[in-house]
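The values are calculated or read from the model by the stated rules, or taken from the named source; none is laboratory data. Just so it is clear, the structure is predicted and the values come from calculations on it, not from any experiment. Positions of Cβ are backbone-derived with ideal geometry, glycine not excepted, and every protein chain shown enters the neighbour counts. Protein only, heavy atoms only, side chains kept; ligands, DNA and RNA dropped before computing areas. Shrake-Rupley method; radii C 1.70, N 1.55, O 1.52, S 1.80 Å.
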Amino acid sequence: MKQALLILSVLGMGIAQTSGAVETTFQPNNTLTHTITNISASNNYGSSRNIYSTNSGAHVFSNDEISQAIDNLSAHAQQKEYQLASLTSRLSYERQQQASSRVPDSNSAPALAAARASRAALSRSSGYCARYVRKALQSAGYEFTPNPSAYQYASRGTLAQAGFTKISNDMPPQIGDVVVYDRTSRRPHGHIQIFDGNGWVSDFRQKSISPYSGTHSYTTWRDSQYVDDASDRGIYLAMADK
């Protein structure tokens, strides 16, 4: 019996004892109430009368029945774990489906901007990345006030106002994504570029995401219509208590 009471305690059941009774309650959703009467001075549980009642109204009196009640609670908890795993798997699948459905097609604004930038790209830098990318974005229908420096398209909120959302730099790039490099003492205007589906383009076709050597700070921006956000779809995970 003591072992059973210890197990009940481990499961989160509060135990309160007086000289005349012990009451055990499991909260919040499954209640197992335990009352012991006629406890001897030596706490001889074998001579005590044990009455357990659950929230379903069932009563148990023996150690075997107590063990069975504990097993039932464990099974219930395991069922909840399975439900959570199933819901998590479904959410992951829906996110993948939505991500695939939100890839810009050839007639979308991100794709049109990227195509324009790709056609206009030079073989080497002219120093006018902001002008080239700005014209590409405007040709696709994005509306904003031009900035004299590339870094200002991020720092002044220009891309956000044009309908872009800042995303993680770790996200795989997709057509129409824009990257803005911060300014430095050596490069006071920063840098801006757009992904055309094959590589990064500014005023010239770059060999990699960075036109510089070394490590430099930048932000990545994506047309907000193609940003996967589960909250926009009203998907919420809930485990119904049964």
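Side notes on the structure shown:
- FRET efficiency, 1/(1 + (r/R0)^6) with R0 30 Å, evaluated for residue 170 and residue 124 via beta carbons: 0.50
- Karplus (6.51, -1.76, 1.60) ³J(HN,Hα), θ = phi - 60°, over the stretch 139-153, in Hz, Gly and Pro reported as x: 5, 8, x, 6, 10, 6, 8, x, 10, x, 10, 4, 4, 6, 5
- Under 5 Å from the amide H of residue 191 lie the amide H atoms of 151, 181, each residue being 5 or more positions distant or on a separate chain, with H modelled from the backbone and absent for Pro and chain starts.
- Ranked by how many other beta carbons lie within 10 Å on average, peptides 118-127, 176-185 from highest: 176-185, 118-127
- Long-range amide H partners of residue 223 with built H, under 5 Å: 165
- Extending 7 Å from the Cα toward the beta-carbon at both residue 83 and residue 212 defines two label points whose distance is 5.3 nm.
- The stretch 80-196, accessible surface, carbon-and-sulfur percent (1.4 angstrom probe): 48 percent
- Remark: the stretch 77-165 carries 60 Å² of accessible area per residue (probe radius 1.4 Å; ligands, DNA and RNA excluded).
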